[in-house]
Structures are given as structure tokens and as C-alpha cells.
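*Asks:* First the structure, then my questions, so here it is.
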Amino acid sequence: MAKSTSLAAFAAAALFATKGLASNFTISNGQIYTPGFVVVDSPQPDTPLGGDNIEIALDVSTNGKLPLPPYDEDASSQIYNINIFLYSYDTGRNFTITNGTASANNATLGDIMLSEPGSTVKHVRWTWPDCMVGDGGSGSDRGSYNISIRQSFRLNGEDHYTIFDLPISVTNSISKREDRPSCQALDNPLLAPEDIDWTDTNELGVLFAPGDSTVIETPDAGSGAGLASCKDVLDLLCVVGFSYALLLS
């Protein structure tokens, strides 16, 4: 996967890296880019959350660059699964939001790639568990958390597994409800930071942000290489040029 360190100045200017606000996040037009196909539309880093549930909006098409499933079995680029957890080293909690299998009353959610058919943006709505009830920082299980997005995917014939952590704070009001799932039922063992394998994540880095020249190979790459390599602000020029070439042929 070739990566370019130089693009047009206007493309570079459009990229806003939130260093100093939220360390090591790459944000453009409010979208947070990850080491994978997923682009996070919301929430933003360090957002205080509460209410009836948490909502996470993910673009799973890399802004239209990757088709939605079903994929051909031998497709060179595809998403296998997206699992999401909510964890905190402050509280010692590690909750499953989705691992691909829905549990009773959607305490954990099913395969998000199959939700909202036809939509490239998947809205993950997960009901806060009972130990999150409260207001402000009160309550032993409220406070600082990470939304951990685990992507298993194939990019141009190579399989990858990456981890992207988005910090939020559970400090807004969450009311008591009888149908809130049990925290104990959702909790998982929490690995120490040094026991987490970040190798693939670090080697790939953030993908598909403005200025990144990573190309998603398509079955027609041999005959339509110009279209297959269109990127970001250059897409329109590439399409116009390709159309003009067809007219002259």
C-alpha cells in the first residue's frame, strides 16, 4: 500500500489533526479516521455522554470507497466484522457493545454490518447498563471510558486486525430503568495495556484520510486503473478525465 506524504496544499489544509485536543486523532470535516475502513462520524473524542443509550455512528464504506456486503468470497477488500467494546482502566470495566451476536433484549448487539441495509452509515445504539445510572461523576462505574472499535478486514488481499480507541466520559445523567441490562452480564476481563497486540494497528496507521494515497483495489483495476486510484479531492478530476478519454476512443 503506497502512501504519499505530499498532496495539493488545499487537500492538506482540509485535514485537521486534533493534537492538543485529543492526542493522535485525525479528523477532517468532523469525521475521525481509523486504522481500517471505518470512519467515525460520532461521537467526537472526549464527549460527555449520558441519556437512555450511547449512539455511535460509523461509516463502513470509507465514504463510498468500499461497497457494502454481501462481498464476493474472494473479494480482495472487505470487512469481516466490527466488534465494539466500552472499557475503562479507572473502573476496571470492559463491556461488550457488539461482538456480532445479539443477546437477550439486545443487551449486546448483533452484526452491525447487517443493520440498516443499504446505508453506508451504521448507527450503533446500545442501552447503558444498570451500573451507569447516575449523574455527574458520581457512582463507582461512571467516569472516563474508551469506545474500542476492533476491525477485522482484508485490504488488497492482506488480512488485518486493528484496534481504535475513542475516549468519552460517562458524566451526563442516566436515569434508572427496569430494562437496563446487568453490568455483570456484559463485563469481560480487562487486559493490561502491555498485553494488547497493537502491531497491525501501528504498522497500518490511519487510513483513507485526506492526504492518504492508499488505493482500494477493484476487480477492474487492470482496465480502469485511473478510476480505481481516484482519491478524495482528485476524484472529480479523475472521473472527468476518464469520461473525456472514452469520448475520444
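The values are calculated or read from the model by the stated rules, or taken from the named source; none is laboratory data. What you are looking at is a predicted structure, and each value in this text was computed from that prediction instead of being measured. So basically every Cβ, Gly included, is an ideal-geometry build from the backbone, and we count neighbours across all protein chains shown.
*Asks:* Pick from Ala102, Ala107, Ala57: which is in contact with a Ser or Thr (Cβ under 7 Å, 6 or more places away or on another chain), assigned by TED's automatic domain parsing to the domain that holds Pro189 and at pLDDT below 95?
*Replies:* Ala102
*Asks:* Just one of Ser76, Ser28, Ser23 is assigned by TED's automatic domain parsing to the domain that holds Val206, at pLDDT below 95 and more than 19 Å from Leu114 (Cβ to Cβ); which is it?
*Replies:* It is Ser23.
*Asks:* Which residue, of Asp159, Asp165, is within 24 Å of Pro69 (Cβ to Cβ), surrounded by fewer than 20 Cβ atoms within 10 Å (Cβ to Cβ) and at pLDDT 95 or above?
*Replies:* Asp159
*Asks:* With the structure loaded, tell me whether Ser182 is under 16 Å from Thr47 (Cα atoms), surrounded by fewer than 14 Cβ atoms within 10 Å (Cβ to Cβ) and either hydroxyl-bearing (Ser, Thr, Tyr) or at pLDDT 95 or above (or both) or whether it fails that test.
*Replies:* Values: under 16 Å from Thr47 (Cα atoms): no; surrounded by fewer than 14 Cβ atoms within 10 Å (Cβ to Cβ): yes; either hydroxyl-bearing (Ser, Thr, Tyr) or at pLDDT 95 or above (or both): yes.
No: the conditions fail for Ser182.
*Asks:* Based on this model, can you work out whether Thr98 counts as among the polar types (S, T, N, Q) and buried (at least 18 other Cβ atoms within 10 Å of the Cβ)?
*Replies:* yes
*Asks:* Quick check, is Asp212 in contact with a Ser or Thr (Cβ under 9 Å, 6 or more places away or on another chain), in the same structural domain as Ser42 (by TED's automatic domain parsing) and either loosely packed, with under 13 Cβ neighbours inside 10 Å or assigned to a loop (DSSP other than H, G, I, E, B) (or both)?
*Replies:* The answer is yes for Asp212.
*Asks:* Which condition number in (1) more than 28 Å from Ser175 (Cα to Cα); (2) not in a loop (DSSP other than H, G, I, E, B) is the one that Ile97 fails?
*Replies:* If we test Ile97 against (1) more than 28 Å from Ser175 (Cα to Cα); (2) not in a loop (DSSP other than H, G, I, E, B), just (1) comes out false.
*Asks:* Further question on the same structure: Taking the stretch 108-153, which residues are β-branched (Val, Ile, Thr) and not in a loop (DSSP other than H, G, I, E, B)? Before the answer, list the steps.
*Replies:* Here is the first cut: in the stretch 108-153, the ones β-branched (Val, Ile, Thr) are 108, 112, 120-121, 124, 127, 133, 147, 149.
Residues satisfying the conditions are Ile112, Val121, Val124, Thr127, Ile147, Ile149.
*Asks:* Quickly run through the stretch 36-89 and pick out the residues that are part of a strand (DSSP E or B) and β-branched (Val, Ile, Thr).
*Replies:* Within the stretch 36-89, Val39, Val40, Thr47, Ile54, Ile56, Ile79, Ile82, Ile84 meet the criteria.
*Asks:* Does Ser169 count as closer than 16 Å to Gly51 by Cβ, in a strand (DSSP E or B) and either assigned by TED's automatic domain parsing to the domain that holds Gln31 or without any contact (Cβ under 8 Å) to a residue 12 or more places away in the chain (or both)?
*Replies:* The answer is yes for Ser169.
*Asks:* Taking only the stretch 185-198 into account, find how many residues are surrounded by 11 or more Cβ atoms within 10 Å (Cβ to Cβ) and either within 20 Å of Thr98 (Cβ to Cβ) or more than 23 Å from the chain's Cα centre (by Cα) (or both).
*Replies:* So the answer is 7.
*Asks:* Another question about this same structure. Would you confirm whether any residue within the stretch 45-64 is under 14 Å from Ile149 (Cβ atoms), without any contact (Cβ under 8 Å) to a residue 24 or more places away in the chain and either surrounded by fewer than 16 Cβ atoms within 10 Å (Cβ to Cβ) or among the β-branched types (Val, Ile, Thr) (or both)?
*Replies:* No, that holds for no residue.
*Asks:* Return the pair list, or none, for Cβ contacts closer than 6 Å from residues in the stretch 69-98 that are farther than 18 Å from Cys131 by Cβ to residues that are part of a strand (DSSP E or B) and among the hydroxyl-bearing types (Ser, Thr, Tyr), at least 6 apart or on different chains.
*Replies:* Tyr80/Ser152; Asn81/Ser152; Ile84/Thr98
*Asks:* From (1) closer than 21 Å to Phe37 by Cβ; (2) touching a residue at least 60 places away in the same chain (Cβ under 8 Å), pick out the condition that doesn't hold for Leu109.
*Replies:* (2)
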